[in-house]
1. Just the residues that are under 13 Å from Leu20 (Cα atoms) and in contact with a Lys or Arg (Cβ under 6 Å, 6 or more places away or on another chain), please, taken from segment 113-134.
2. Return yes or no: is Thr246 of a type in the set (Val, Ile, Thr) and more than 22 Å from the chain's Cα centre (by Cα)?
3. Condition first: assigned to a strand (DSSP E or B) and of a type outside the set (Val, Ile, Thr). Now tell me which residues in segment 245-262 satisfy that.
4. Report whether or not Asp51 is acidic (Asp, Glu), at pLDDT 95 or above and touching a helix residue (DSSP H, G or I) at 6+ places or on another chain (Cβ under 9 Å).
5. Name the one entry in Lys66, Lys14, Lys71 that is open to solvent by 60 Å² or more (accessible area, probe 1.4 Å) and within 19 Å of Asp109 (Cβ to Cβ).
6. Out of segment 309-345, which residues are touching a strand residue (DSSP E or B) at 6+ places or on another chain (Cβ under 6 Å) and closer than 20 Å to Ile261 by Cα?
7. If Ala239 satisfies all but one of (1) surrounded by 19 or more Cβ atoms within 10 Å (Cβ to Cβ); (2) touching a residue at least 24 places away in the same chain (Cβ under 8 Å), what's the number of the condition it fails?
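The values are calculated or read from the model by the stated rules, or taken from the named source; none is laboratory data. Note that the structure is predicted; figures quoted are calculated from it, not measured. Here the Cβ positions follow ideal geometry from the backbone for every residue, glycine too, while neighbour counts run over all protein chains shown. SASA here: full protein model, heavy atoms, side chains in, ligands and nucleic acids out. Shrake-Rupley method; radii C 1.70, N 1.55, O 1.52, S 1.80 Å.
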Amino acid sequence: MSKSFRTLDDVDVKGKRVLLRVDLNVPTENGRVTDATRLDRVAPTIAEISDRGGRAILLAHFGRPKGRDAKDSLRPVAAELARILKKPVGFSEDCIGEAAEKAVAALKDGDILCLENTRFHNEEEKNDPAFVASLAKLGDIWVNDAFSAAHRAHASTEGLGRKLPAYAGRTMQAELDALDKALEAPTKPVVAVIGGAKVSTKIDLLENLVSKVDALVIGGGMANTFLHAQGIGIGKSLAEKDLAATALRIIEKADAANCAIILPVDAVVAFHFAANSPSHAYGLDAIPADGMILDVGPRSIARIHAAIDDAATLVWNGPLGAFEMTPFDRGTVLAAKHAAERTKAKKLISVAGGGDTVAALNQAGVSGDFSYVSTAGGAFLEWMEGKPLPGVEVLKTR
């Protein structure tokens with residue numbers, strides 16, 4: 001896939017004003033960054049542009065402000081970025097207009113400047129042509145390194161790609177290469193593990209995947225909806241019973257596409273939705289009427305491990321149980337560790353993404369052992385659903 005768009009290998013950035021769209025939307029508390037994962041991801045692209053004599057001008061959004069709001073300023077994030085880069089990062093009080101133009105004009109080769117939150121202007125989300133032109137005035141080229149915002153057709157994520165020569169940054173390049181290996185041109189067989197609470201949020205995802213993968217493991221609350229659709233008693237478990245027909249339609253589509261659907265064959269059941277609630281594993285024919293399925297059972301875990309053993313490529317989105325609470329994280333953690341071991345043994349290409357998924361892999365201590373873990377939530381999901389992403393489409397060489 002990376003052949004279809006230009007990267008930093010295709011441009012001499014020396015002396016150029018590089019408008020670099022990055023993801024700086026990190027968690028903060030009292031003005032301090034509490035998780036710098038996304039900053040660590042974009043640091044190499046920023047450092048490379050600076051080291052090659054480019055003038056790196058960072059564009060990013062932060063939070064969901066309605067107009068200018070001091071609590072959504074990027075100033076403290078820029079300070080944390082400077083600490084990570086071990087280089088000074090200048091800051092402009094605005095992303096367009098006189099303040100931004102003066103700050104950009106003062107830059108020397110290798111300098112780094114962070115512009116204020118693009119979403120302080122509501123024209124950003126409208127992809128307003130005049131706002132795009134005001135941003136474009138500040139740069140000679142545009143580099144998009146924010147895959148996590150690529151599903152948005154905003155001024156800084158898509159509009160600039162129509163005004164300036166456009167390139168993918170290193171984070172974007174790595175993400176697209178990983179996704180290409182996962183679903184576009186994968187080594188087969190491909191197995192997808194899809195979990196989470198609700199079928200309703202992942203209908204498009206499931207319908208796209210059954211035509212692309214060889215086996216689909218369904219876990220979490222979603223699996224309960226599928227079990228209920230097949231007439232299996234699930235007690236008081238979380239399920240979207242009104243989506244039974246949808247679940248059956250997905251099973252039919254999978255059959256037609258020769259994709260195996262792997263559902264739980266047993267379950268860990270508790271009677272209170274709380275950490276360390278007394279629990280017991282039951283076969284599907286014996287789920288107590290007043291019990292709640294909170295994790296996959298031991299026989300299901302063995303089946304999932306077998307599916308991972310059969311796979312050359314694994315795509316993972318969503319936990320297999322109520323992983324936020326012990327002991328109901330066991331199925332997710334064991335499957336994640338198994339996939340990590342196969343990956344380390346060079347027997348598996350493993351790509352995972354989505355907020356809960358990243359948290360679950362961190363909990364299992366295996367994030368660093370997967371082939372690629374995407375920190376993009378919505379963009380990763382929309383890509384898995386087979387939808388074109390505006391921030392990627394605009395990078396494609398035409």
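1. Scanning segment 113-134 gives no hits.
2. Against the criterion (of a type in the set (Val, Ile, Thr) and more than 22 Å from the chain's Cα centre (by Cα)), Thr246 qualifies.
3. Once the filter is applied, which keeps residues that are assigned to a strand (DSSP E or B) and of a type outside the set (Val, Ile, Thr), segment 245-262 yields only Ala260.
4. No.
5. Going through Lys66, Lys14, Lys71 in turn, the sole match is Lys14.
6. Passing the criteria: Ala311, Thr313, Leu314, Val315, Trp316, Asn317, Gly318, Leu320, Gly321, Gly331, Ala339.
7. Of the numbered conditions (1) surrounded by 19 or more Cβ atoms within 10 Å (Cβ to Cβ); (2) touching a residue at least 24 places away in the same chain (Cβ under 8 Å), the odd one out for Ala239 is (2).
Conditions (1) among the polar types (S, T, N, Q); (2) without any contact (Cβ under 8 Å) to a residue 24 or more places away in the chain, marked per residue:
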position: Arg6; (1), (2): no, no
position: Asp9; (1), (2): no, yes
position: Val13; (1), (2): no, no
position: Leu20; (1), (2): no, no
position: Leu24; (1), (2): no, no
position: Glu29; (1), (2): no, yes
position: Thr34; (1), (2): yes, yes
position: Val42; (1), (2): no, no
